[in-house]
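Heads up, the thing below is written out as C-alpha cells.
The values are calculated or read from the model by the stated rules, or taken from the named source; none is laboratory data. Since the model is a prediction, treat every value here as computed from it, not as a measurement. Ideal geometry is used to build each Cβ from the backbone, glycine not excepted, and the neighbour counts take in all protein chains shown.
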Amino acid sequence: MLPAAASFACVAAVVEVDTETGGVRLVEIVVADDLGRAINPLTVEGQIHGEIAQGLGLALFEHPVLDGGQFVNGNLADYTVPKAEGLPNFTSILVESNDPNGPFGAKGCSECALNACGAVIANAVYDAVGLRLKDLPVTPQKILKGLREKEGPA
C-alpha cells in the first residue's frame, strides 16, 4: 500500500566509456521529480543533487569488502565516494502537482532519484558500448572483462 502522498522520480544519464581503460565519465544527469508542490525549490534542488551524488557512489564506487564480518575497506582513505569535482552537470525538473493528501499539496522529496542511479548508469554503459552489467558497482575492471568476453577468443 502506498503512503498517502507518494512521490516519484525519473532519472536519465549520459556517459562516455573509455574502452581501453574501462573508465566511465559522467557527462550529464537529468532528474524529473514529481514532488507535489515544491514549497522550497532551492532545498528541493539540494536534496536532488545529494541523492544523485549518493546514488552515483553506489553505482560506480562503493564496494564494501568484508572479512570475517569486518569491513576491510571501511574508511574514507580506502573507500571511494563521489567528490563534487567529479560530479556531472545536473538538470533537475521539478514536476509539480497538487497532492490532496500532502501538506499544502506537497509530497516528499527524498531518495526517489537515488533508487534509480545504479540501473541508470548500467543502462547508460550498455547504450554506450553494448555491455550489460548486472551487478554494482560498475567498475573499469568489470567493463574491461565484459568487453573482452564480448569480443570472444583472439
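List of remarks:
- If only residues of the range 78-109 that are in a loop (DSSP other than H, G, I, E, B) and surrounded by fewer than 14 Cβ atoms within 10 Å (Cβ to Cβ) are counted, the one that is nearest to the chain's Cα centre (by Cα) is Lys83.
- Only one of Glu85, Glu51 that is within 21 Å of Val120 (Cα to Cα) and touching a residue at least 40 places away in the same chain (Cβ under 8 Å): Glu51
- Only residues that are part of a helix (DSSP H, G or I) and out of contact with any helix residue (DSSP H, G or I) (no Cβ under 6 Å at 6 or more places or on another chain) were counted in the range 59-72, giving 1.
- Hits in the range 131-154 (condition: of a type outside the set (D, E, K, R) and within 13 Å of Thr21 (Cβ to Cβ)): Thr139, Pro140, Gln141, Ile143, Leu144, Leu147
- Conditions (1) modelled with pLDDT of 95 or more; (2) not in a helix (DSSP H, G or I); number of the one not met by Ala122: (2)
- Whichever residue in the range 122-154 is of a type in the set (A, V, I, L, M) and farther than 16 Å from Leu60 by Cβ and, among such residues, is surrounded by the fewest Cβ atoms within 10 Å (Cβ to Cβ): Ala154
- So Asn75, is it surrounded by fewer than 14 Cβ atoms within 10 Å (Cβ to Cβ), in contact (Cβ under 8 Å) with a residue 40 or more places away in the chain, of a type in the set (S, T, N, Q) and part of a loop (DSSP other than H, G, I, E, B): no
- For the criterion of being surrounded by 14 or more Cβ atoms within 10 Å (Cβ to Cβ) and touching a Phe, Trp or Tyr at 6+ places or on another chain (Cβ under 7 Å), Asp34 passes.
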